[in-house]
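As structure tokens, the structure follows; a few thoughts come after it.
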Amino acid sequence: MRVLALLMVVSFFSVTAASAVPPPTDPDGVALPARIDAIEIHGLVRTKKRVVLRELPWQVGTVVSQMTFDLGIARLWDTSMFSRVAGRVIRRGATNVAVIDLEERFPIRPIVEFQTGGNTGYIDLGISDRNILGEYLESEVYVQDFGGHWGGSLWFRDARLFDRRLELYFLGERVIRSRPNYLVNTTHGRLELNLWVMRDLIKFGTGIDARDDVLLSPKPGSVVGEPSPVHAAIFEPMLRIGRIDTVRLRERGVSLQVVPSLGVTSIPGAPAFRRLTVEGNAKIMSGERWNVDLRAQFGLVTNEPNELQFFMGGLDLLRGYPDNYFQANACVITNADVKFVLLDSKWLGLLPEAFSDGAAIRRTDGTTDAAFSVGAGIIFVVPKLVDTLLRVDVGVPLRPPYKPGVSTGTQVFF
């Protein structure tokens, strides 16, 4: 508990520093703390004014400290609806006015997304809206081609249910996924309800999963017997301490997330299983352009069916290796990225990166293994548009045959 408390304190000061507004240089600027008598919001096109006001932890008539003012600015950045956020308090006559300057990202975009790596890949085609009716409601729907096999996904998120810091999330999907010796067709539904408290430094909630995994076809040359279909229901409470804040093209903060899971399945002899995943993130901004990203994950699952073990390599977690290079019931995974903002304009951002990934695993038969990779890549971003980027990575495995692997995609690796 002392470690968790220390992480929370460190996170509190680091994330507020991330979004700090410099002391006003305007001759009419007001030093905080001060009473806010009025609020002006500039730059809104689609977003409703009340949606912006809802993010602020202060209101007209409140005496606001610099730390509390900065929290409001950080919350606006974290919605991802804006490509520019700035705030200050100025004096007009006898009135203190909080001025919020915003530049909205265009929230509706066609989805043409893909991921390749580890000798596999997929492409998504659909549409996304990250600010439905200007109310900060998000939804996305797409069809997916995974090596000639079609699936699709639909999700919806209300990040401020009942105008509170309460998140409702729903996902329904039918997708194909690759395993070492076969393809599996997964029909999956998920419902989440999460709450932020203590200046957003604590997030907790519950997720409920229902899934149906059916063998699609063994891979050519496979000698492994076909696995049985898996029908499962999973209950997942979640606790996250700390916060990661977005500041335009960079991020800053620390967080620790713990997710225990209890599942019931249709597998004879294994009607129930337990799983624990722990993830720690640290995002460090240095100077005006550098960003250091660190992530460590731990996973443990017991009494699990084959399909619900951990798989890593290729498209996620371990760059440079073939898809699903590892299958394990216990694992530790690390990722480290160093990014540099080479270009930051309205319509294009360029971020070269260097990275290192690693994994240590234990299989169900008790054997262990480890793998590491290093590499470099570049991220292309369109700051004016929501969630629009292209990532190209070249990873070199640090074990024979040392053959570089190229992965590309339209999502940030982590």
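The values are calculated or read from the model by the stated rules, or taken from the named source; none is laboratory data. The structure displayed is predicted, hence computed values, not measured ones. Heads up, the Cβs are rebuilt from the backbone with ideal geometry, glycines too, and the neighbour counts pull from every protein chain shown.
Yes/no per residue for (1) of a type in the set (K, R); (2) part of a loop (DSSP other than H, G, I, E, B); (3) modelled with pLDDT under 95:
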{"site": "T16", "(1), (2), (3)": "no, no, yes"}
{"site": "A20", "(1), (2), (3)": "no, yes, yes"}
{"site": "P27", "(1), (2), (3)": "no, yes, yes"}
{"site": "A31", "(1), (2), (3)": "no, yes, yes"}
{"site": "E40", "(1), (2), (3)": "no, no, no"}
{"site": "V52", "(1), (2), (3)": "no, no, no"}
{"site": "Q59", "(1), (2), (3)": "no, yes, yes"}
{"site": "T68", "(1), (2), (3)": "no, no, no"}
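Tell me, yes or no, whether region 128-151 has at least one residue that is outside the structural domain of S345 (by TED's automatic domain parsing), more than 25 Å from R190 (Cα to Cα), in contact (Cβ under 8 Å) with a residue 12 or more places away in the chain and among the small types (G, A, S). The answer is no, given that none of the residues of region 128-151 is outside the structural domain of S345 (by TED's automatic domain parsing), more than 25 Å from R190 (Cα to Cα), in contact (Cβ under 8 Å) with a residue 12 or more places away in the chain and among the small types (G, A, S). Here E55 passes the criteria (1) in the same structural domain as L318 (by TED's automatic domain parsing); (2) under 30 Å from F156 (Cβ atoms) except the one numbered (1). Answer yes or no: is there a residue in region 384-395 that is at pLDDT below 90 and on the phi > 0 side of the Ramachandran plot. Yes. In region 395-407, which residue that is touching a residue at least 40 places away in the same chain (Cβ under 8 Å) and more than 15 Å from F326 (Cβ to Cβ) is surrounded by the most Cβ atoms within 10 Å (Cβ to Cβ)? Out of the qualifying residues, it is S407.
Please enumerate the residues belonging to region 305-362 that are among the acidic types (D, E) and either within 23 Å of the chain's Cα centre (by Cα) or surrounded by fewer than 22 Cβ atoms within 10 Å (Cβ to Cβ) (or both). Please lay out each step first, then the result.
Quick first cut of region 305-362, residues among the acidic types (D, E) only: 307, 316, 323, 337, 344, 353, 357.
D316, D323, D337, D344, E353, D357 - these are the residues of region 305-362 that are among the acidic types (D, E) and either within 23 Å of the chain's Cα centre (by Cα) or surrounded by fewer than 22 Cβ atoms within 10 Å (Cβ to Cβ) (or both).
The residue list L193, L183 contains one member that is in the same structural domain as Y325 (by TED's automatic domain parsing) and either at pLDDT 95 or above or within 18 Å of the chain's Cα centre (by Cα) (or both), which is L193. Among the conditions (1) under 23 Å from V258 (Cα atoms); (2) more than 20 Å from the chain's Cα centre (by Cα); (3) of a type in the set (K, R), the only one that R295 does not satisfy is (2). When Y122, Y182 are checked against the criterion of being in contact with a Lys or Arg (Cβ under 7 Å, 6 or more places away or on another chain) and closer than 28 Å to L216 by Cβ, Y182 stands alone in meeting it. Looking only at region 326-380, residues that are more than 15 Å from Q297 (Cβ to Cβ), touching a Lys or Arg at 6+ places or on another chain (Cβ under 6 Å) and of a type in the set (D, E, K, R) come to 2 in all.
Look at region 241-257 and say how many of its residues are surrounded by fewer than 18 Cβ atoms within 10 Å (Cβ to Cβ) and more than 14 Å from the chain's Cα centre (by Cα).
Taking region 241-257 as the starting set, the residues that turn out to be surrounded by fewer than 18 Cβ atoms within 10 Å (Cβ to Cβ) are 248, 257.
Restricting the remaining residues to those that are more than 14 Å from the chain's Cα centre (by Cα) gives 248.
Counting residues in region 241-257 that are surrounded by fewer than 18 Cβ atoms within 10 Å (Cβ to Cβ) and more than 14 Å from the chain's Cα centre (by Cα) gives 1.
Have a look at I127, I100, I73, I90 and point out the one that is aliphatic (A, V, I, L, M) and within 30 Å of R174 (Cα to Cα). Step through it out loud before you land on a result.
Working: I100 fails: within 30 Å of R174 (Cα to Cα); I73 fails: within 30 Å of R174 (Cα to Cα); I90 fails: within 30 Å of R174 (Cα to Cα).
One residue alone meets the criteria, I127.
For beta carbons closer than 8 Å, sequence separation of 6+ or different chains, a first residue in region 346-363 that is in contact (Cβ under 8 Å) with a residue 40 or more places away in the chain and assigned by TED's automatic domain parsing to the domain that holds V394 and a second that is part of a loop (DSSP other than H, G, I, E, B) and of a type in the set (D, E, K, R), the qualifying pairs are K346/K384; F355/R319; D357/R319.
Count of region 258-289 residues, restricted to those that are within 25 Å of N194 (Cα to Cα), of a type in the set (A, V, I, L, M) and under 24 Å from the mean Cα position of the chain (by Cα), is 6. Restricting to region 283-304, count the residues that are crowded, with 18+ Cβ neighbours inside 10 Å and of a type in the set (K, R). Counting residues in region 283-304 that are crowded, with 18+ Cβ neighbours inside 10 Å and of a type in the set (K, R) gives 2. Meeting the requirement of 2 or more residues that are among the hydroxyl-bearing types (S, T, Y) and closer than 20 Å to D387 by Cα, the strands (runs of 3 or more DSSP E) wholly within region 118-199 are 120-129, 137-146.
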